[in-house]
1. Quick check on this structure: which one of Tyr135, Tyr87 is touching a residue at least 24 places away in the same chain (Cβ under 8 Å), under 24 Å from Met28 (Cα atoms) and not acidic (Asp, Glu)?
2. Given the conditions (1) touching a helix residue (DSSP H, G or I) at 6+ places or on another chain (Cβ under 7 Å); (2) under 26 Å from Pro27 (Cα atoms); (3) in a helix (DSSP H, G or I); (4) not acidic (Asp, Glu), which single one is not true for Ala95?
3. Testing Gly114 on (1) crowded, with 18+ Cβ neighbours inside 10 Å; (2) under 18 Å from Gly42 (Cβ atoms); (3) free of Cβ contacts under 8 Å to residues at least 40 places away in the same chain, one condition comes back false. Which one is that?
4. Give the residue, chosen from Pro79, Pro120, that is touching a residue at least 40 places away in the same chain (Cβ under 8 Å), open to solvent by 80 Å² or more (accessible area, probe 1.4 Å) and either part of a loop (DSSP other than H, G, I, E, B) or touching a strand residue (DSSP E or B) at 6+ places or on another chain (Cβ under 6 Å) (or both).
5. Got a sec? Which of Ala74, Ala68 is part of a helix (DSSP H, G or I), of a type in the set (A, V, I, L, M), in contact (Cβ under 8 Å) with a residue 40 or more places away in the chain and closer than 27 Å to Ala38 by Cα?
6. Is the stretch 51-61 home to any residue that is among the hydrophobic types (A, V, I, L, M, F, W, C), at pLDDT below 90 and surrounded by 17 or more Cβ atoms within 10 Å (Cβ to Cβ)?
7. Here are Ser39, Ser20: which of them is part of a helix (DSSP H, G or I), among the small types (Gly, Ala, Ser), open to solvent by less than 70 Å² (accessible area, probe 1.4 Å) and free of Cβ contacts under 8 Å to residues at least 24 places away in the same chain?
8. Got a number for residues in the stretch 42-63 being in contact (Cβ under 8 Å) with a residue 60 or more places away in the chain and touching a Gly at 6+ places or on another chain (Cβ under 8 Å)?
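The values are calculated or read from the model by the stated rules, or taken from the named source; none is laboratory data. Worth saying up front: this structure is predicted, and the values here are computed from it rather than measured. Cβ placement follows ideal geometry from the backbone for every residue including glycine, while neighbour counts extend to all protein chains displayed. Side chains are part of the model used for accessible areas, which takes the heavy atoms of the whole protein and leaves out ligands, DNA and RNA. Shrake-Rupley method; radii C 1.70, N 1.55, O 1.52, S 1.80 Å.
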Amino acid sequence: IALAGYAAGVVAAVPAGMLSDWTGRKPMVVVACCLMSASMVGLGFATTASQVIIMGLIGGLGNGCYQAVDLALAVDTIPDLEESARYLGIWGVGAFVGVCLGPVIGAPLLYVFGQIEAPPPPANGQLGYIALFAYGSLAMFLSAAVLIHKVRVR
């Protein structure tokens with residue numbers, strides 16, 4: 001799944017960046033977040049290896065779009081180009097906060113909901129994965145639907 005996702009991301013990054021030059025950054029960030037959100041919902045319900053790989057490809061496309069366009073959006077929002085490194089550092093902190101919160105919130109969701117179906121340890125039931133990916137999907141959706149509207153472009 002990781003290889004499929006990264007390969008799809010490599011394919012998507014440059015075209016997404018070019019398309020964002022034409023359509024604007026925010027719409028492409030929304031598209032990227034929707035792709036990643038959809039892949040997470042699909043992963044929660046995937047029951048075959050091919051379904052998991054397909055969801056990995058969809059998520060990878062979204063991530064490739066997001067990585068390219070999010071960085072371009074960050075550059076577009078810098079209020080003072082003389083302090084660009086500081087502002088990009090602040091933008092980067094926001095990205096790391098999200099990466100840190102994922103396991104802190106996701107692991108308990110996986111454990112608590114995964115135990116409802118009572119599989120033998122150390123396994124987790126499918127409900128745990130549905131909860132985990134629903135959380136990830138909701139986070140992506142909220143960033144696309146709510147937070148991106150707060151970003152001011154210079």
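1. Among Tyr135, Tyr87, only Tyr135 is touching a residue at least 24 places away in the same chain (Cβ under 8 Å), under 24 Å from Met28 (Cα atoms) and not acidic (Asp, Glu).
2. For Ala95, the failing item is (1).
3. All conditions are met except number (2).
4. Of the residues listed, the single one that is touching a residue at least 40 places away in the same chain (Cβ under 8 Å), open to solvent by 80 Å² or more (accessible area, probe 1.4 Å) and either part of a loop (DSSP other than H, G, I, E, B) or touching a strand residue (DSSP E or B) at 6+ places or on another chain (Cβ under 6 Å) (or both) is Pro79.
5. Every option except Ala68 fails the conditions.
6. no
7. None of the others qualify; the one that does is Ser39.
8. Residues that pass the stated criteria total 1.
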